[in-house]
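The values are calculated or read from the model by the stated rules, or taken from the named source; none is laboratory data. What you are looking at is a predicted structure, and each value in this text was computed from that prediction instead of being measured. Heads up, the Cβs are rebuilt from the backbone with ideal geometry, glycines too, and the neighbour counts pull from every protein chain shown. Just the protein is used for accessible areas: all its heavy atoms, side chains included, with ligands, DNA and RNA removed. Shrake-Rupley method; radii C 1.70, N 1.55, O 1.52, S 1.80 Å.
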Amino acid sequence: MDESSLPTVHPPSLAGALPTGVTEIALEETASTNAHALELVKSGAAPHLTLVWARRQTKGRGRGGRVWQSPEGNVFFSMVLRPQADWGDLNQLPLVTAVATHAALRPHVPASRALTLKWPNDVLIDGAKVSGTLIESHRLTRRTDADRWSAQALVVGIGVNIAHYPTEGLIYPATSLHAAGSAVERDQVICDLAQALMDTLELWRDRGFAAIRTAYLDRAHGLGQSITVRTSLNLEESLSGVFEGLAEDGALLLRLDDGTVRRLIVGDVFFGAATPNPANAKEMP
Ligand code: BTN
């Protein structure tokens, strides 16, 4: 059975509090809000700015095929985007979503706590992960004439640890908003994420990627410091160097010991020169 035909009980709607233009699908439980949104896209039932959110996920998915633990109390948010003609390169979207998530969370994190971004789109509180984003696409194509990606639809899936965070089997430490001293509740964060995502998409469209890149670099964790980028799922392949910045297309720029600068378009970043131990790498929050 596909996601969209699963029986669901709908929790109270947030419609009154969501920005105008958002179509809300509120679910008690689903395997994954991203999977649910993609099924809606395939069935033609998901216009631009369809928001699928759920109280719980039973098979939450993270980047690199990892599991995203999804207990009730946290945010499971998937927004369907229909790429618009006046948007920039879709490779830049992960950084757009990172800037948006940061903007949505900043008011809810005590000022004494550092809120930073880990490339490409994790949000950290004092260095521990509080939010992750998985972007999935439907009918992704590359226009070779213009060297640009296009898609019929994209699903921006954002998970935010509000009340809970995982503590075992991690390759990267995690935290939650409540553990960091915030009293904010899930529904408020869902509404703020929707608004921030729409605002940041508008900024990207009106002022181009330069504005997003500047905002990102202002919030980037570890800029100018030693990092290790894991470039394979099993952690065995990694590159260490200095985090130099971001290229015009959002790629991470890594200065190696020999002085050359490598552009990386995928990978998991760790701070410091040490490679994480593969034996501990079961899941990432
Ligand atoms: C990561 O690995 O950091 C990305 C995690 C993304 C989790 C969110 S929760 C809402 C949406 N539905 C999913 O199954 N995954 C994303």
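Residue-wise test of (1) surrounded by 19 or more Cβ atoms within 10 Å (Cβ to Cβ); (2) touching a residue at least 24 places away in the same chain (Cβ under 8 Å); (3) of a type in the set (Ser, Thr, Tyr).
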{"position": "136", "(1), (2), (3)": "yes, yes, no"}
{"position": "143", "(1), (2), (3)": "no, no, no"}
{"position": "150", "(1), (2), (3)": "no, yes, yes"}
{"position": "157", "(1), (2), (3)": "yes, yes, no"}
{"position": "160", "(1), (2), (3)": "yes, yes, no"}
{"position": "174", "(1), (2), (3)": "yes, yes, no"}
{"position": "178", "(1), (2), (3)": "no, no, no"}
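Could you check segment 55-80 and list, in sequence order, the residues that are open to solvent by less than 20 Å² (accessible area, probe 1.4 Å) and either within 8 Å of the ligand (Cβ to nearest atom) or under 24 Å from residue 268 (Cβ atoms) (or both)? Those that are open to solvent by less than 20 Å² (accessible area, probe 1.4 Å) and either within 8 Å of the ligand (Cβ to nearest atom) or under 24 Å from residue 268 (Cβ atoms) (or both): 60, 62, 70, 74, 75, 76, 77, 78, 79. Considering segment 199-275, the qualifying strands (runs of 3 or more DSSP E), each wholly inside and each with 3 or more residues that are surrounded by 17 or more Cβ atoms within 10 Å (Cβ to Cβ) and in contact with a Leu (Cβ under 9 Å, 6 or more places away or on another chain), run over 226-230, 238-246. Here residue 43 fulfils each of the conditions (1) under 20 Å from residue 15 (Cα atoms); (2) without any contact (Cβ under 8 Å) to a residue 60 or more places away in the chain; (3) of a type in the set (Ser, Thr, Tyr) apart from (1).
So that you can scan it fast, the table gives a plain yes or no per residue for (1) within 20 Å of the chain's Cα centre (by Cα); (2) over 26 Å from residue 106 (Cα atoms):
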site	(1), (2)
131	yes, no
135	yes, no
142	no, yes
152	yes, yes
173	yes, no
177	yes, no
184	yes, no
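Candidates in segment 95-134 are the residues that are touching a strand residue (DSSP E or B) at 6+ places or on another chain (Cβ under 8 Å), of a type in the set (D, E, K, R) and in contact (Cβ under 8 Å) with a residue 24 or more places away in the chain; of these, the one that is farthest from the ligand (Cβ to nearest atom) is 113.
Contact map, segment 57-68: residues that are closer than 24 Å to residue 11 by Cα paired with residues that are more than 6 Å from the ligand (Cβ to nearest atom) and of a type in the set (Ser, Thr, Tyr), Cβ distance under 7 Å, separation 6+ or inter-chain. Pairs shown: 57/30; 57/70; 60/70. Just to be sure before I move on: is residue 29 under 28 Å from residue 143 (Cβ atoms), of a type in the set (Asp, Glu) and within 16 Å of the ligand (Cβ to nearest atom) in the structure I sent? No, not satisfied.
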